[in-house]
Amino acid sequence: MARLLITGGAGFIGSHTCVVLLQAGHELVVIDNFHNSCPEACRRVERLTGRTLVLEQADVRDGPRLNSVFDRHGRFDGVIHFAGLKAVGESVKEPLLYWHVNVCGSRTLLQAMAAHGCRTLVFSSSATLYGNPDSNPIAETAPIRPVNPYGQSKAAVERMSRDVAESQPGCKGWRLACLRYFNPVGAHPSGEIGEAPQGIPDNLFPFISQVAMGERSSLDVFGGDWPTPDGSGVRDYIHVMDLAAGHCVTLEHLLDGQPQLLTLNLGSGCGTSVLQALAAFERVVGRSIPHRIVARRPGDVAMTVADPGRAAAVLGWQTERTLAEMCADGWHWQQRNPLGFG
Ligand code: NAD
Ligand code: WQD
């Protein structure tokens with residue numbers, strides 16, 4: 001059992017990871033500024049697990065507040081850092097905001113950790129830092145070539161974390177894992193927690209789900225002329241519960257291990273096209289979902305698929321849930337919670 005600080009733990013991936021961590025017996029303190037979530041998510045996590053967690057409203061950029069959290073809650077064995085902004089389009093419009101939250105916020109967190117002798121960190125990185133890959137599947141050794149401020153911010157935090165850990169001989173006890181997620185989708189099978197995007201969803205799965213609910217009239221498929229088997233974009237979708245399990249395994253690996261710096265892709269290794277995902281969703285909802293093929297979305301790439309071999313070799317972790325389960329669990333959440341957490 002470990003005592004953990006979870007930043008951004010009220011969010012989509014954070015809340016699902018809290019379920020797995022609580023079920024594994026860990027004690028959690030969650031901080032979140034509720035910029036893209038609400039406390040209800042954590043209340044439902046407690047109901048789902050029958051366990052309690054401590055929830056505090058705090059901004060990771062607020063150094064004094066972070067130090068107060070560390071001071072008041074005693075020594076943390078580790079931190080999982082989900083808190084951040086993640087919308088590519090928004091990052092292009094507001095790069096300084098993304099550098100402030102994602103980079104300066106992570107710097108403030110690292111400072112507070114070092115000041116309190118906590119040197120075990122799992123960081124939410126993203127496959128977006130690979131940009132347009134030379135080939136697929138993508139290994140962790142692929143060039144880091146982000147093509148938007150969001151991806152740049154993730155690459156910067158990876159570099160900053162590594163610099164901190166390597167600045168002292170033998171990593172001076174730092175245990176660090178940068179997890180590069182591909183495309184997390186779905187929801188906890190209970191339908192109690194899930195992704196609750198604000199406004200018009202940028203991402204494919206929540207948009208399809210809202211069309212299926214009748215909230216949106218039709219799905220625009222961004223491009224039918226990509227160099228892919230059916231012409232639509234191919235991605236590596238991973239069930240959020242598989243991703244949550246990956247975080248728990250990573251954290252326990254770090255806690256049990258020597259000082260180290262890990263960089264791991266978390267994906268299925270399977271590519272799914274937009275049209276294949278749409279067809280899978282239609283099988284789940286039992287009816288066709290209106291859609292039309294339109295022009296490519298600026299900044300999109302044809303294909304990004306993970307090589308998840310290192311995570312399997314180092315952690316013994318791989319995805320278990322299918323595309324059908326991603327669609328079924330996401331649809332179950334959507335049906336039970338048409339207004340998200342209300
Ligand atoms: P999310 O927006 O649901 O969760 C992020 C959480 O962080 C939210 O609860 C939000 O309120 C909180 N937050 C934002 N700014 C904060 C701040 N300044 N201080 C404290 N809390 C703050 O997003 P998510 O999908 O759960 O993503 C979690 C992490 O994983 C993010 O860092 C994101 O960049 C990364 N990631 C997400 C995806 C994806 O497709 N969802 C893919 C790769 C990486
Ligand atoms: C998936 C596919 C679209 C919406 C993004 C971020 C990335 C990461 C994961 C944070 C693509 C197509 C989509 C729609 C469509 N987030 N699509 N119609 O772009 O792979 O990755 O989320 O780290 O940083 O870039 O995910 O869900 O937006 O798109 O045709 O209405 O679906 O073209 O092929 P993406 P997505």
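Laboratory data are not the source of any read-out in this text; all were calculated from the coordinates shown. Being a predicted model, the structure only gives us computed values, none of them experimental. For neighbour counting, all protein chains shown are included, and Cβ atoms are generated from backbone atoms with ideal geometry for every residue, glycine included.
A few points about this structure:
- In this structure, Asn67 and Arg3 have a Cβ-Cβ separation that, at R0 = 22 Å, corresponds to a calculated FRET efficiency of about 0.85.
- Subtracting the Cα-Cα distance of Ala279 and Ala295 from their residue separation scaled by 0.36 nm leaves 3.7 nm.
- Across segment 188-199, rounded Karplus estimates of 3J(HN,Hα) from the backbone phi angles (6.51 cos²θ - 1.76 cosθ + 1.60, θ = phi - 60°) give 4, x, 5, x, 7, 10, x, 7, 10, x, 8, x Hz, Gly and Pro being marked x.
- Ratio of the Cα radius of gyration of the chain to 2.2 N^0.38 Å, where N counts its residues: 0.95
- Pair Arg47, Val92: separation of 7 Å Cα→Cβ label points (nm): 4.0
- Counting beta carbons within 10 Å around each of Trp331, Trp99 and listing the fewest first gives the order Trp99, Trp331.
- For segment 73-134 and segment 271-291, distance of Cα centres in Å: 33
- Note on segment 1-106: Rg/Rh from Cα positions, Kirkwood definition for Rh, rounded to two decimals, is 0.98.
- Report summary: the helix-based calculation at 222 nm, which adds -39500 (n - 2.57) for every DSSP H run with n ≥ 4 and divides by the residues of the chain, gives -12000 deg cm²/dmol.
- Directionally averaged projected area (convex hull, Cα atoms, segment 139-228), nm²: 9.9
- Relative contact order of the chain: 19 percent, from C-alpha pairs under 8 Å at least 6 residues apart in sequence.
- To the nearest ten degrees, helix 39-49 and the longest principal axis of the Cα atoms of the chain are 90 degrees apart.
- Folded to 0 to 90 degrees: helix 240-256 orientation relative to the chain principal axis, Cα: 20
- Residues with amide H under 5 Å from that of Val30, placed H, sequence gap 5 or more: Ile6, Val54, Leu55, Glu56
- Annotation: amide H of Thr263 within the under-5 Å range of Cys178, sequence separation 5 or more or interchain, hydrogens built in the peptide plane.
- Translational diffusion coefficient (Stokes-Einstein; Kirkwood radius from C-alpha pairs) of segment 287-342 at 4 °C, 1.567 mPa s, in µm²/s: 84
- Using 0.36 nm per residue and subtracting the Cα-Cα separation, the extra length available between Leu261 and Gln198 on full extension is 19.2 nm.
- Potential lengthening of the chain between Arg162 and Arg336 amounts to 58.4 nm, from the contour at 0.36 nm per residue minus the alpha-carbon distance.
- Pairs of Cα atoms farther than 23 Å apart, segment 191-342, %: 44
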